[in-house]
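Peer 1: To start, I am sharing the structure in question, which I have written as structure tokens.
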Amino acid sequence: MAYSVHYIINHLGEENKGDYFRAVAPPIIQTSNFAFSTVQQLRESFENEYSTWLYSRGLNPTVEILRKKLAALDEAEDCLVVNSGAAAIYMSILSQVKQGDHVIAVHGVYSWAHQIITQILPQLGITHTFVDGRSVQNFMAAVRPNTTVVYLESPTSWLYHTQPLAAIAAWAKQHQIITICDNSFCTPLGQKPIALGIDIAIQSATKFISGHSDVVAGVISSSKAIIEKMFHQQYMSIGSGIQPFNAWLLLRGLRTMPLRWQQVHQTAKVVSEYVAKHPMVRQLWCVWQTPFDAENGVEVSTASCGGLLTFSLQVSNAQQVEDFCNALQHIQMAVSWGGYESLLIPKCATMPLHMVDVHNPEHTSCRLYVGLETAEFIIADLEQAFQKIR
Ligand SMILES: *Cc1c(COP(=O)(O)O)cnc(C)c1O
């Protein structure tokens, strides 16, 4: 059964408060191992590490509370929480491929997903094709007899293209292809890939779930069968399960996640209206808009997400982009997003200066994450930086 978001966040997994002195906030069970009173108990635990407290590389009670909540938010049977979103990507892909397989992925995926697909999979004899994910026909055209995984990210990083997840999932199922979707931008509050038929939903918990820029973590949600197999193979052998203290910080982040998420969305819309009208801005892409999909008559995503916008500057040289960024006083220049603070990262920082082509709107673009400051505060900072490059 599907629980309400507030029940999941406030109560689910915390039914046995008697186990921890009826404390309102769950404890951080900061232990590496668990003791047994008989050899038989220990033997039984070895036989099924997936359902007993034995060693914290496997299961841990603090992490367990978090797993229950995150799986329920995803409407998944089970989930694993790992030490980064990148680990979630790595483990979910590697758990579903073998030598000789072919993977279809969408253009514009997160940089480290791109790295795994283009650098690590070839070492294992696994080929790939990138497609424009906005239409299911593009997947149909790229499929091969040995295609085993379709890797999605909806919306994608930077330009926020969405994919028709339900249609892709239905098509992939007919071909026994496993679908994986990075849902970091929407979070399960805005889109539930599993409910749309996707096999494995992943997210970077570093972003909206943590919400305070103090934890790096990732989530993998799927069926019990897929998760249990992944637990015994990748999870236990890579040994990168989340540690109890970080799990506790994520539990704390979850308590306010819906409020933060809504607020960031609202503020970002106001900021985007200012940016859209600014004479120094050439083009604007918002994470909550999918204009291309409408233009092409392709199924428009019903996903809801917020906080991020990418805008390209109307400039005649790359130095102006740098001057704009360097002039910001409160919006911090840093990677990541989903925290309490506004952040900006210019595309030109990801390439050598001489490669920047000012005629290419992507090259002069900046990605802005709108945090929990007021819209006026953020706009004032942008405005004074724009003034400096006029
Ligand atoms: C940040 C991010 C990741 C990686 O997550 P980490 O927790 O930084 O490893 C994966 N996918 C997307 C879309 C991201 O923005």
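Laboratory data are not the source of any read-out in this text; all were calculated from the coordinates shown. Owing to the predicted nature of the structure, the values given are computational and were not obtained by experimental measurement. Glycine gets a Cβ as well: all are built from the backbone with ideal geometry, and neighbour counts include every protein chain shown.
Peer 1: For 111, 135, what ranking results if the residue with the fewest other Cβ atoms within 10 Å of its Cβ goes first?
Peer 2: Fewest to most other Cβ atoms nearby, the residues stand as 111, 135.
Peer 1: Ranked highest first by average number of other Cβ atoms within 10 Å, how do 33-44, 176-187 line up?
Peer 2: Most protected by this proxy first, the peptides run 176-187, 33-44.
Peer 1: From Cα pairs below 8 angstrom and at least 6 apart in sequence, can you work out the relative contact order of the range 89-234, rounded to a whole percent?
Peer 2: About 21 percent, as a whole number.
Peer 1: Given 201, 178, 190, which one lies farthest toward the positive end of the charge dipole of the range 154-236, if we put +1 on the Cβ of every Lys and Arg and -1 on the Cβ of every Asp and Glu?
Peer 2: My answer, from the dipole projection, is 178.
Peer 1: Now, a different point. Once you sort the root eigenvalues of the Cα gyration tensor of the range 256-388 as a ≥ b ≥ c, which label holds: rounded (a/c under 1.5), prolate (a/b larger than b/c) or oblate (the other case)?
Peer 2: The shape class here is oblate.
Peer 1: Looking only at Cβ-Cβ distances, which cysteines of the chain have no other cysteine closer than 4.7 Å?
Peer 2: Unpaired cysteines in the chain: 79, 181, 286, 325, 348, 366.
Peer 1: A follow-up question, please. What relative contact order, as a whole-number percentage, does the chain give when Cα pairs under 8 Å and 6 or more residues apart are counted?
Peer 2: With pairs under 8 Å counted, the relative contact order is 16 percent.
Peer 1: While we're looking at this one, here's another question. Would you work out the charge dipole size for the chain about its Cα centre, treating the Cβ of every Lys and Arg as +1 and the Cβ of every Asp and Glu as -1, and quote it to the nearest 20 debye?
Peer 2: 180 debye
Peer 1: Over 27 Å between C-alpha atoms is what I'm after, so list which of 17/68; 224/269; 192/277; 207/388; 69/347; 17/229 land there.
Peer 2: The answer is 224/269; 192/277; 207/388; 69/347; 17/229.
Peer 1: Taking only C-alpha pairs under 8 Å that are 6+ residues apart, what is the relative contact order of the range 256-388 in percent?
Peer 2: 29 percent
Peer 1: While we're looking at this one, here's another question. How would you rank 316-328, 115-127, 246-258, 351-363, highest first, on the average number of other Cβ atoms within 10 Å across their residues?
Peer 2: Packing proxy ranking, top to bottom: 246-258, 316-328, 115-127, 351-363.
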